[in-house]
1. If you go through the stretch 1-53, how many residues are within 16 Å of Asp69 (Cα to Cα), β-branched (Val, Ile, Thr) and open to solvent by 80 Å² or more (accessible area, probe 1.4 Å)?
2. Of the conditions (1) open to solvent by less than 50 Å² (accessible area, probe 1.4 Å); (2) out of contact with any helix residue (DSSP H, G or I) (no Cβ under 6 Å at 6 or more places or on another chain); (3) among the polar types (S, T, N, Q), Ser73 clears all except one; give me its number.
3. Out of Ile6, Ile50, Ile46, report the one residue that is touching a helix residue (DSSP H, G or I) at 6+ places or on another chain (Cβ under 7 Å) and either among the aromatic types (Phe, Trp, Tyr) or not in a loop (DSSP other than H, G, I, E, B) (or both).
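The values are calculated or read from the model by the stated rules, or taken from the named source; none is laboratory data. The structure displayed is predicted, hence computed values, not measured ones. Cβ sites come from the backbone with ideal geometry, for glycine too, and all protein chains shown count toward neighbours. Ligands, DNA and RNA are stripped out before the accessible areas are found, and what is left, the full protein with its side chains, is counted by its heavy atoms. Shrake-Rupley method; radii C 1.70, N 1.55, O 1.52, S 1.80 Å.
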Amino acid sequence: MSIKNIQKLKRFGIFHNHTNTNATDFGKYNLFYGWNGSGKSTLSGIFRCIENKSNSEKFPSSEFIVGIDPYRST
């Protein structure tokens, strides 16, 4: 089972109310790049929450929805 996309982010760092409508699903390898303050570390925090199966201590009221591919292993 693996994460195939991030569908929705709410109150998580710079992502106040973001819905993923046009982005493609993650591949086997993915590269995140951008200017300082564009959300790279925030995305890392989302993956950490998923890994630890817990909410963010930094953003306790945050919400996110991820799409899962049950047939692809990480």
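1. Summing the residues that are within 16 Å of Asp69 (Cα to Cα), β-branched (Val, Ile, Thr) and open to solvent by 80 Å² or more (accessible area, probe 1.4 Å) in the stretch 1-53 gives 1.
2. Ser73 satisfies all of (1) open to solvent by less than 50 Å² (accessible area, probe 1.4 Å); (2) out of contact with any helix residue (DSSP H, G or I) (no Cβ under 6 Å at 6 or more places or on another chain); (3) among the polar types (S, T, N, Q) except (1).
3. Ile6
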